[in-house]
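The block underneath contains the structure these notes are about, expressed in structure tokens.
The values are calculated or read from the model by the stated rules, or taken from the named source; none is laboratory data. Everything numeric here is computed off the predicted structure, so don't read it as measured data. Neighbour counts run over all protein chains shown; Cβ positions are idealised from the backbone, glycine included. Just the protein is used for accessible areas: all its heavy atoms, side chains included, with ligands, DNA and RNA removed. Shrake-Rupley method; radii C 1.70, N 1.55, O 1.52, S 1.80 Å.
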Amino acid sequence: MLKRWFEIIFDHKINLRERMFLIVTATCMVGLMIILPMGRNVANLLILVVSLICIAKIASLSVQKGCINCGATIIAILLLLLYPLSFFTAGGLYSGMPEWFVFCFIYISLTLEGRRKPVFFLLCTAETLLCYYIALYFPEAVAQNTRPHSFFDSATSIVMVGVLLSVLLLFLKKLYETENELSQQQKKEIEELNKAENHFFSSMSHEIRTPINTIIGLNEIILRGDIPEDVAENARNIQAASKMLLTLINDILDLSKIKSGKMEIVTVSYETGALLSEIVNMIWIKAKEKGLDFRLHVDPSIPSMLCGDEIRIKQILINLLNNAVKYTSEGSITLSIWCERLTLNRVRVWYSVDDTGLGVKKENIPYIFNAFKRVDEEKNRHIEGTGLGLSIVHQLVELMGGEISVNSVYTKGSTFLVTLDQDIVDDKELGIFTLASRVKAHSGEQYRQSFEAPDAHILVVDDNEMNLVVVRKLLSATNIQIDTALSGAECLKLTQKQHYDAILMDHLMPEMDGIQCFHALQTQPGGLCQNVPVIALTANAGSDNQLLYRKEGFSGYLAKPVSGALLEASVLSILPKELVKLNIEASQTEIGKDVLIFEQAQRRSLMVTTDSVCDLPESLIKEFGISVCPYYVCTDHGRFLDDLELKADELLFQIASGKNGFSHAPEVEDYERFFAEKLTEAQNIIHITMAKHASDGYQNALEAAKSFENVTVLDSGHLSSSMGLVVLHAASMAENHVGKAEIIKAVKKLRRYVSSAFIIDSTHMMCQAGQISKHIQILCDALLLHPVLVLRKSKMVVGNMEMGSFPHVAKRYIRKVLLNPRAIDKRILFITYAGLDEDSIRYIRDLVKQYCTFERVYVQKASSAIACNCGPGSFGLLFMKKNDAAISFSEASRH
């Protein structure tokens, strides 16, 4: 029986918690056998036997049924009943029982889980204290014990508790050590398995790439020739199938690398136009089959050759475009690419994929890049796919140090925007570019080599004869003299006798690999190629290998299979310029009638937008490229767009005639349409709203922005032209290419330095808008009181009251606002008004000049939405206070 118990305890197939439960329960049962006889009566012995049988049965059933927590709970309840019984029958404090209460605490701590553990822990604590309390104040409830028995019981209990606890801890220690050893062993096995899997995939990749290199290379030679159309069609099919096979291999590798966390980025030089041509030629056919329009917009200023992971960039764009085609039933798919120069040799490239498909619900957008996650499953159940594609895209973009975002309006469509920084290889602009592959495929245009170098002499080293044939044929039109070697040893023999202008070297070769051969070349006694540039041309792809080649001193790296154009470009980059004659005609291809053209498309990096209540002059709005979302103004005649369909003067005239008029912010749907439209003009949007407690505009815009990752909504903390000052500051920073994060930080800081105070001539409009009660309005009219409204913590409050006629009130207001000229930024002032005549405006300007002189003063008529809340005769002096982040209006001051 004991042997069987030990086998169960150390059986790794049994759950660890079950084994711990059995160990602790068995220890407690032994403890019960010791403490209950201390009561020295038949009843205690009977209770002991029944309790042990019950606990053993409960433990057995708990393990069988898999209800460990329930079994442990029942046993804990029994212990809470048995220990007090034993305490009172054994002699209370003058016995060995107090030491055994520790076992109850240990049992609860080691066996119970969840909320039951703290609950029972508190019960055990309360029970222990209660037992001590009863023993102290009601000693008659405790059985009497003789002094010798008390000492004997106490000594026995201390020893037994110590022994049992030691045994329990040793068991648990042994259990954990065994589990840890097993865990370490399993971890080692998993690591070895991962290494074996990665080695298998890497080897498979290398072995399969070698014959694919031969197939693609020789097939390209066939397509270059003057062949019948049926042969050309077969060759093109072979080419497409080979590339598809290569894609499948890459997918297998991706799966392995994602699982092992070793996804690699391989940076190589690539032709921008060729990459885009391949992508478009793959996608436009799929779009056409579904009846979708495929549109392409490319910035002509993109460099013709960049340095990046061509395969991964292609994989990202193809995944996004395939996704767009899958989820779009009608409309169009648009691929847009544009760039921004960061430094002399580096650009930031934006890739945008837009569709008019199903779109994504705003609550699902945060989960769209989760692996194996398909949002809106019910609606998309007919669409094939695992849900892994966007997750892979997201990981690849992050690995390349880029960013990806999604903007989507449900049922309207989605936009995926990828940003990647890349090095420039060839600074020549792409220009108006035709899809060369389609020209060749459909118009039969003949291949033209990019250069000729008949006096150049190169050596190609590879242990595979077919690879040597492919390279020789791909470079044959350049008239380069080509020697070949099947091993490193043969290479060294040739370089001992012949000087070469360049060498292409395979890496994995028997006996002497490419790296060993390269170092031997550099130190070869009497060698003629010690300083000749060497390019690694190998099927051993991977970023770690690329770094290895750079570290070892290779001049370049090309992964097989390689196209003729890239092979020519690589050789051209290392050949002496005096040996090369460029073929200008090779880059000049005529545009066929059915060939898609790369059109110009440029988006601003960042656009600042706002609402029509910003009360800025049209000249400044145009100067800084600020887009405005209109508020609504409602009258008895209907709803109108603020200032676009109803001007402030007309509105005030209607209100003076007894008509009703009020304004309200754009709805969430209005903001969604506005943001979607503006994101076709800019990659990012910062939208600045009126003070959030003065209107629903902030909340509505914030809700709409949830559908767009590239839209940030900021509370200006102000309204009218004081809000406009914040907008101008942000727009000025954006125009000077300041980053989005810095602009957001500056806006939040700046709103503390805007002076925003308005004096109201009549409180009728405020009463009508529900801002003040009718009683307050009557009181203000009777006493000629004019409230001065100020903005504090985005709330509009009454700062103070002025009494008297307009000239006196205006003068006191202006004097107070301009009381401390030293604290005022005097570069710009807005005098924003509603319903004032020319004389009143002139009077205000003259008063301003008496107290403070500003460089630029804009007299701005308030928008209809503002005017209908403040009423005629109201105005405000709005300016910046001096601070370290003072606004720069050098551009604005020219107006």
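At a glance:
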read-out	value
Cβ pairs under 7 Å, 6+ apart, first in the stretch 850-863 and closer than 8 Å to ILE831 by Cα, second part of a loop (DSSP other than H, G, I, E, B)	TYR858/PRO617; GLN860/ASP615; GLN860/PRO617
Strands (runs of 3 or more DSSP E) completely within the stretch 613-704 that count 1 or more residues being at pLDDT 90 or above, over 19 Å from SER864 (Cα atoms) and hydrophobic (A, V, I, L, M, F, W, C)	682-689
Any chance GLY724 is in a helix (DSSP H, G or I) and either in contact (Cβ under 8 Å) with a residue 12 or more places away in the chain or not β-branched (Val, Ile, Thr) (or both)	yes
Of the criteria (1) modelled with pLDDT of 75 or more; (2) out of contact with any strand residue (DSSP E or B) (no Cβ under 7 Å at 6 or more places or on another chain); (3) of a type in the set (Asp, Glu), which one ASP254 fails	(1)
Unique residue being buried (at least 16 other Cβ atoms within 10 Å of the Cβ), of a type in the set (A, V, I, L, M, F, W, C) and in contact with a helix residue (DSSP H, G or I) (Cβ under 7 Å, 6 or more places away or on another chain) when the list is ALA648, ALA682	ALA648
Checklist (1) assigned to a helix (DSSP H, G or I); (2) modelled with pLDDT under 85; (3) touching a Leu at 6+ places or on another chain (Cβ under 6 Å) applied to ALA782, failing item	(3)
Given (1) at pLDDT 85 or above; (2) touching a Phe, Trp or Tyr at 6+ places or on another chain (Cβ under 9 Å); (3) part of a helix (DSSP H, G or I), index of the condition VAL397 fails	(2)
The stretch 347-359 residues that are at positive phi, paired with ones that are buried (at least 21 other Cβ atoms within 10 Å of the Cβ) and not in a loop (DSSP other than H, G, I, E, B) (beta carbon under 7 Å, 6 or more apart)	GLY359/SER408; GLY359/GLY413; GLY359/SER414
Filtered residue count, the stretch 733-750, keeping only those that are open to solvent by 10 Å² or more (accessible area, probe 1.4 Å) and either within 19 Å of ILE824 (Cα to Cα) or in a helix (DSSP H, G or I) (or both)	11
Residue tally, condition of a type in the set (Gly, Ala, Ser) and at pLDDT below 80, over the stretch 163-197	1
All strands (runs of 3 or more DSSP E) inside the stretch 455-517 with 1 or more residues being in contact (Cβ under 8 Å) with a residue 40 or more places away in the chain	457-461, 502-505
The one condition in (1) surrounded by fewer than 16 Cβ atoms within 10 Å (Cβ to Cβ); (2) assigned to a strand (DSSP E or B); (3) of a type outside the set (Val, Ile, Thr) that LEU714 fails to fulfil	(1)
Top-ranked residue of the stretch 422-442 - restricted to ones that are surrounded by 17 or more Cβ atoms within 10 Å (Cβ to Cβ), at pLDDT 50 or above and in a strand (DSSP E or B), ranked as farthest from the chain's Cα centre (by Cα)	VAL425
Count of the stretch 794-834 residues which are outside any strand (DSSP E or B) and under 17 Å from GLY724 (Cα atoms)	1
Contacts under 8 angstrom Cβ, first residue in the stretch 218-241 being touching a residue at least 24 places away in the same chain (Cβ under 8 Å), partner part of a helix (DSSP H, G or I) and loosely packed, with under 14 Cβ neighbours inside 10 Å, 6 or more apart	none
Residue list for the stretch 789-820, restricted to those being under 52 Å from the mean Cα position of the chain (by Cα), buried (at least 20 other Cβ atoms within 10 Å of the Cβ) and β-branched (Val, Ile, Thr)	ILE814, VAL817
Flag for SER329 being under 24 Å from GLU672 (Cβ atoms), modelled with pLDDT of 85 or more and open to solvent by less than 20 Å² (accessible area, probe 1.4 Å)	no
Some residue of the stretch 831-851 being more than 44 Å from the chain's Cα centre (by Cα), modelled with pLDDT under 85, open to solvent by less than 50 Å² (accessible area, probe 1.4 Å) and of a type in the set (A, V, I, L, M)	no
ASP761 vs. criteria without any contact (Cβ under 8 Å) to a residue 60 or more places away in the chain, over 40 Å from the mean Cα position of the chain (by Cα), open to solvent by 30 Å² or more (accessible area, probe 1.4 Å) and at negative phi	no
Some residue of the stretch 821-829 being more than 25 Å from ASN660 (Cα to Cα), at pLDDT 85 or above and more than 44 Å from the chain's Cα centre (by Cα)	yes
Residue within the stretch 597-612 that is more than 20 Å from ALA701 (Cα to Cα), among the charged types (D, E, K, R), modelled with pLDDT of 90 or more and out of contact with any Lys or Arg (no Cβ under 9 Å at 6 or more places or on another chain) present	no
Top-ranked residue in the stretch 520-540 [being touching a Lys or Arg at 6+ places or on another chain (Cβ under 9 Å) and of a type in the set (S, T, N, Q); ranked as modelled with the highest pLDDT]	THR538
